[in-house]
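Throughout, read-outs are computed from the coordinates displayed, never taken from laboratory work. For clarity, every value in this text was computed on a predicted model and none was experimentally measured. With ideal geometry, Cβ positions are generated from the backbone for all residues, glycine too; neighbour counts draw on all protein chains shown.
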Amino acid sequence: MAATTATSNISPVVIGSGRGKSTTYIATKVTGPVKNAAGEITFSSDIVQYDDASGGGEKTIASRDSATGKITWNSNASNRTKLNANKFKKASNNQMLSIEKSLTSNASEKVGFNKASGSANQQISSGNGSSGDTSSSSAGNSSGGGSQISGEGEGRKSYSKSLCYPTTLKRTQQDTLRISVLKHKPSTMKGLGFEKRTPGKAIGAVTLPIPGGVGDKNATAWGQGTMTPAQIATSNAVKSFLTKGGKEALEEAKDSLGVLQDNPKDVKAGLAAMFTNQLTGTKDILARTEGAVLNPNMELLFSGPSLRSFTFSWKLSPRDERESMTIMRIIRLFKQSMAAKTTKSQLFLKAPNTYKLQFVSPNGMKGTHRFLPKVKECAMVDFGVNYTPDGSYMTYDNSSMVSYEMAMSFQEIEPIYNSDYTELDGDRDQSIGY
């Protein structure tokens, strides 16, 4: 294999504050892949310092261990630089991440590159070769409801669980919206229905500030229904026959016959109108001749539950190179996880990942925000990104957009039932609920 050298863009590292504040400009130069004596693929890397952002006065101030990513400073590094080693290491890590694709082409090379950047435990995905970042586990081997289609679907099995925008959000006491990517689990039939749905395993997560315009709308479907006297009589007799037997059906028929005998004039007019309608197609004969209609026994009837939808949007403006890389990976996570998956046979398409939406409050019960709605497992039905939300195309030195506008729509997979509230807190009204 032929080793190549790639150098990241120059980025600033700010040290101190007030009058003691200073800015150092660095880049990271990486060379590889190279096989060592043990046959392992390795990468060597150096931290280069410049006098300014344009790259003048280049000098190497440190090298990084190819197996651990540990930084060793040389005589060109100032004492102040060494005292702020963590800041320089973070900046160098981000720089290495930005040039990883230009130096690696397979999983084994990525493993060696991760070691050189000090991320030896970083997981490598098997799909397109993209890094899975700090996700601690894969999707698991659950069959997800007894599916008879072989394979879980060709696609990414894990994402980072530590993505956060802005990157300082974790250090605040601010309320947040945590969106977890779940492995989709199909429903399982049981008896005359389905087993109670349990969400799949979380394989990634993003933490974002709670956006403006948060709201929900709980709805059920109702519609008007009618039954004429004739329909009521025949339906009642048939229902009694099917549920109670012939004797009860006969009694119901006698009751209906008694009503007819007690109101012969009304029955005569009704029968005349019915036969006239059948013979001539005239539907409003009673209204025209008697100023009446058959009692429709109209009633508003429940016809089923509804599924809730949630729409959110954020404007994401990176403040440094690290945050621009975080935004890029957040967008990638949502785009890839909402995409359908193919099977090995290419005969079927498997469902995309689903999502858990949780409003989180430091003051809530187990972190849950009591004053915002709880959301059931969702599917993402729409995701959009505006790369020029300010109306003009602008980028930073590393080609990141100055701002992004991200919008997404979710829909719950199953309806909200009355019993769901009881399961939350035993009807003690300790939260808004769903």
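Stretched out fully, how many nm does the piece from residue 90 to residue 154 gain, at 0.36 nm a residue minus the Cα gap?
Working: separation 64, 0.36 × 64 = 23.04 nm, distance 3.39 nm.
19.7 nm is the gain from fully extending residue 90 to residue 154.
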**Q.** In order through segment 367-379: 3J(HN,Hα) via Karplus (6.51 cos²θ - 1.76 cosθ + 1.60), integer Hz, x for Gly, Pro
**A.** x, 6, 6, 6, 9, 10, x, 7, 10, 6, 3, 10, 10
Q: Report the label-to-label distance for residue 315 and residue 403 in nanometres (one decimal), using points 7 Å from each Cα along the Cα→Cβ vector.
A: 0.3 nm
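What length, rounded to one decimal in nm, is gained on full extension from residue 432 through to residue 169, with 0.36 nm per residue of separation minus their alpha-carbon distance?
Working: separation 263, 0.36 × 263 = 94.68 nm, distance 2.51 nm.
In short, 92.2 nm is gained.
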Q | Greater than 20 Å apart at Cα, pairs in 110/185; 35/101; 217/356; 190/374 | A | 110/185; 190/374
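How high is the relative contact order of segment 285-384, in percent, counting Cα pairs under 8 Å that sit 6 or more residues apart?
Details: 65 pairs, mean separation 15.1, N = 100.
Averaging sequence separation for qualifying contacts and normalising by length gives 15 percent for segment 285-384.
Take each of the peptides 287-298, 64-75, 323-334, 307-318, average the number of other beta-carbon atoms within 10 Å over its residues, and list them starting from the highest. Walk me through the intermediate numbers first.
Values: 287-298: 11.7, 64-75: 15.3, 323-334: 20.0, 307-318: 17.0.
Going from most to least packed, we get 323-334, 307-318, 64-75, 287-298.
Once you have the Cα-Cα distance between residue 343 and residue 214, take 0.36 nm times their residue separation minus that, and quote the gain in nm to one decimal. Please list the in-between numbers first.
Values: separation 129, 0.36 × 129 = 46.44 nm, distance 3.71 nm.
Stretched out fully, the residue 343 to residue 214 stretch lengthens by 42.7 nm.
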Q | Per-peptide average of other Cβ atoms within 10 Å, ordering 12-22, 39-49 highest first | A | 39-49, 12-22
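Would you please classify the overall shape of segment 392-434 from the alpha carbon gyration tensor, given that a ≥ b ≥ c denote the square roots of the eigenvalues, rounded means a/c under 1.5, and beyond that prolate means a/b larger than b/c while oblate covers the rest? Walk me through the numbers on the way to the answer.
Working: a/c = 6.08, a/b = 3.44, b/c = 1.77.
Taking the square roots of the gyration eigenvalues as a ≥ b ≥ c, segment 392-434 is prolate.
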Q: Give the peptides 103-111, 220-228 in descending order of average Cβ contacts within 10 Å, highest first.
A: 103-111, 220-228
**Q.** Computed label-point distance, nm, for sites residue 295 and residue 413 using a 7 Å Cα→Cβ extension
**A.** 4.8 nm
Q) Can you work out ³J(HN,Hα) from phi for every residue in segment 96-104, in order, using Karplus 6.51 cos²θ - 1.76 cosθ + 1.60 and θ = phi - 60°, giving whole Hz and x for Gly and Pro? A) 5, 4, 6, 10, 4, 5, 6, 10, 10
Q | Where labels lie 7 Å past Cα in the beta-carbon direction, separation of residue 9 and residue 236 in nm | A | 8.0 nm
